[in-house]
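Down below is the structure, laid out as structure tokens.
The values are calculated or read from the model by the stated rules, or taken from the named source; none is laboratory data. Please read these numbers as outputs of a predicted model, since none were measured by experiment. Glycine also receives a Cβ, built like all others from the backbone with ideal geometry; neighbour counts cover every protein chain displayed.
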Amino acid sequence: MKTVSTTKAPAAIGPYSQAQIVGGMVYTSGQIGLDPATGLVPEGVEAQAHQVFKNLSELLKAAGSDMSKVVKTTVFIKDMNDFGLVNGIYAQYFTEPYPARSCVEVARLPKDVLVECEVIAEL
């Protein structure tokens, strides 16, 4: 197991790693729309979703992978009414063949953000 860490994605805010590499696969922790440069979360689900996928992209890059190698995503959204917006933004960061995906509405996310996502990718 190898721990992945980068300053280009938000630092862990608890007892966990940003990502781990095991057996040729990268497992990321959930990423929220926190801007690692400013420490701020942008307003609105669209801006947050873009930042989430930028953070994931940076984590994968640090691991030696990229978004084209993602095989599974789990998306957590605060309000299922935002599904269409998040789905449209998601489609800007992934290409066919698309990863397998789960998307669930949750009661609350860290820092009261509106969206979070974790991925599993090949190296």
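Any residue in the range 50-61 that is touching a strand residue (DSSP E or B) at 6+ places or on another chain (Cβ under 8 Å) and over 21 Å from Asp112 (Cβ atoms)? Yes: the range 50-61 contains one or more residues that are touching a strand residue (DSSP E or B) at 6+ places or on another chain (Cβ under 8 Å) and over 21 Å from Asp112 (Cβ atoms).
Looking at the structure I just gave you, is Leu56 within 17 Å of Thr7 (Cβ to Cβ) and touching a residue at least 12 places away in the same chain (Cβ under 8 Å)?
So Leu56 fits the description; yes.
Residues in the range 75-123 that are crowded, with 16+ Cβ neighbours inside 10 Å, part of a strand (DSSP E or B) and not acidic (Asp, Glu): Val75, Phe76, Ile77, Cys103, Val115, Cys117, Val119, Ile120, Ala121. With the condition kept exactly as written, say whether any residue in the range 37-49 is within 20 Å of Ile120 (Cβ to Cβ) and out of contact with any His (no Cβ under 7 Å at 6 or more places or on another chain). Scanning the range 37-49, I find at least one residue that is within 20 Å of Ile120 (Cβ to Cβ) and out of contact with any His (no Cβ under 7 Å at 6 or more places or on another chain), so the answer is yes. How many residues does the range 65-123 hold that are at positive phi and without any contact (Cβ under 8 Å) to a residue 40 or more places away in the chain? The total comes to 1. Within the range 34-73, the set of residues being in a strand (DSSP E or B) and surrounded by fewer than 17 Cβ atoms within 10 Å (Cβ to Cβ) comprises Val71, Lys72. Going by what's in this entry, would Gly24 be described as at pLDDT 95 or above, exposed (fewer than 13 other Cβ atoms within 10 Å of the Cβ) and among the small types (Gly, Ala, Ser)? Criteria met by Gly24.
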